1. Being among the hydrophobic types (A, V, I, L, M, F, W, C) and closer than 20 Å to ASP160 by Cβ is the filter here, so list the residues in the range 16-42 that pass it.
2. Tally time: how many residues in the range 150-159 are closer than 17 Å to TYR110 by Cβ and either in a loop (DSSP other than H, G, I, E, B) or out of contact with any strand residue (DSSP E or B) (no Cβ under 7 Å at 6 or more places or on another chain) (or both)?
3. Inspect all residues belonging to the range 176-196 and state whether any of them is under 15 Å from the mean Cα position of the chain (by Cα), over 21 Å from SER82 (Cα atoms) and modelled with pLDDT of 95 or more.
4. Can you pull out the strands (runs of 3 or more DSSP E) entirely within the range 160-236 that have at least 1 residues that are crowded, with 19+ Cβ neighbours inside 10 Å and among the hydrophobic types (A, V, I, L, M, F, W, C)?
5. Could you check how many residues of the range 19-51 are more than 13 Å from SER140 (Cβ to Cβ) and within 18 Å of the chain's Cα centre (by Cα)?
6. Across the range 132-148, which residue is surrounded by the fewest Cβ atoms within 10 Å (Cβ to Cβ) among those that are aliphatic (A, V, I, L, M) and under 16 Å from ALA98 (Cα atoms)?
7. Of the residues ARG26, ARG81, only one is closer than 30 Å to GLN192 by Cβ and modelled with pLDDT of 95 or more; which?
8. Scan the range 207-236 and report the pairs whose first residue is farther than 20 Å from ARG43 by Cα and whose second residue is of a type in the set (D, E, K, R), with Cβ atoms within less than 8 Å and a gap of 6+ or a chain change.
Amino acid sequence: MGDQHGIRLFQTVEHACGYWPERLARDLIIDPTDPHLPSVFGRALSMGFRRSGGHVYRPHCNGCRACISVRIPVARFQPSRSQRRCMARNADLQVRVAPARRTEENFALYRRYLDTRHAGGGMDDPAPENFDAFLACGWSPTDFMEFRLGDELVGVAVTDVVPDALSAVYTFFAPEHAHRSLGGYAILRQVQRAREEGRPYVYLGFWLDGHPKMAYKRGYRPLEYLDGAHWRPVPA
């Protein structure tokens with residue numbers, strides 16, 4: 001990637017780890033001002049990078065390799081019994097792809113989600129510019145998969161779209177519909193969409209062995225992980 005376009009990589013200073021509070025973290029970031037970034041973004045995903053706002057990054061921590069990039073190989077994915085139940089539970093929802101832009105409706109849903117899920121954690125009570133800076137940017141190939149119950153917007157799956165993959169960036173949903181497991185449903189619908197559009201992979205970001213917030217990712221089978229150079233099956 002760097003040899004072909006001369007794209008620069010930057011290393012951040014150490015900062016508090018978002019997963020393990022007692023650890024320090026740092027990231028490797030692709031130059032966000034480089035005009036070639038949109039054209040190499042798909043390859044960057046395959047190399048373990050991920051987008052947050054306008055930054056494409058991957059963890060690059062001293063002495064720690066806990067964050068492991070994972071993806072679902074769409075053609076071989078087989079939903080589990082509970083995943084099939086999740087699809088059935090949400091069969092009454094309508095799904096549509098919308099432009100990745102803030103509206104009064106999706107921002108109100110985003111605020112309600114954060115106020116419930118992340119109360120007191122620094123993400124609650126977001127400003128509109130927080131929404132814009134976190135979920136999309138001017139160059140990114142992003143759209144919003146909307147889930148509606150009648151006219152009510154109950155969930156949004158922020159999805160990056162590249163020729164050979166979808167990347168699950170973030171999902172937020174109505175707290176009162178938590179019983180629907182809309183986070184899991186969003187991944188299942190992204191897999192379904194990727195299959196319909198002929199995209200071989202759905203990237204799920206980073207998996208951390210032993211972290212309770214990441215355990216759900218092992219429920220998608222088969223799952224592949226990046227060992228640093230090659231994608232390999234996650235052992236059962």
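1. Within the range 16-42, LEU28, ILE29, ILE30, LEU37, VAL40, PHE41 meet the criteria.
2. Number satisfying all stated conditions: 1.
3. No, the range 176-196 contains no residue that is under 15 Å from the mean Cα position of the chain (by Cα), over 21 Å from SER82 (Cα atoms) and modelled with pLDDT of 95 or more.
4. Hits in the range 160-236: 165-173, 201-208.
5. Step one: list which residues in the range 19-51 are more than 13 Å from SER140 (Cβ to Cβ), which gives 19-29, 31, 33-36, 43, 46-48.
If we keep only those that are within 18 Å of the chain's Cα centre (by Cα) too, we end up with 19, 27-29, 43, 46-48.
Going through the range 19-51 one residue at a time, the tally reaches 8.
6. As a first pass, look at the range 132-148 and keep what is aliphatic (A, V, I, L, M): 133, 135-136, 145.
From what's left, under 16 Å from ALA98 (Cα atoms): 135-136, 145.
Details: LEU135: 23, ALA136: 23, MET145: 20.
Once the filter is applied, the top-ranked residue is MET145.
7. Details: ARG26 fails: closer than 30 Å to GLN192 by Cβ.
One residue alone meets the criteria, ARG81.
8. That search, which allows pairs on different chains as well, returns PRO222/ARG76; VAL234/ARG218; VAL234/GLU224; ALA236/ARG221.
The values are calculated or read from the model by the stated rules, or taken from the named source; none is laboratory data. These figures come from a predicted structure and were not determined experimentally. Cβ: placed from backbone, ideal geometry, glycine included. Neighbour counts: every protein chain shown.
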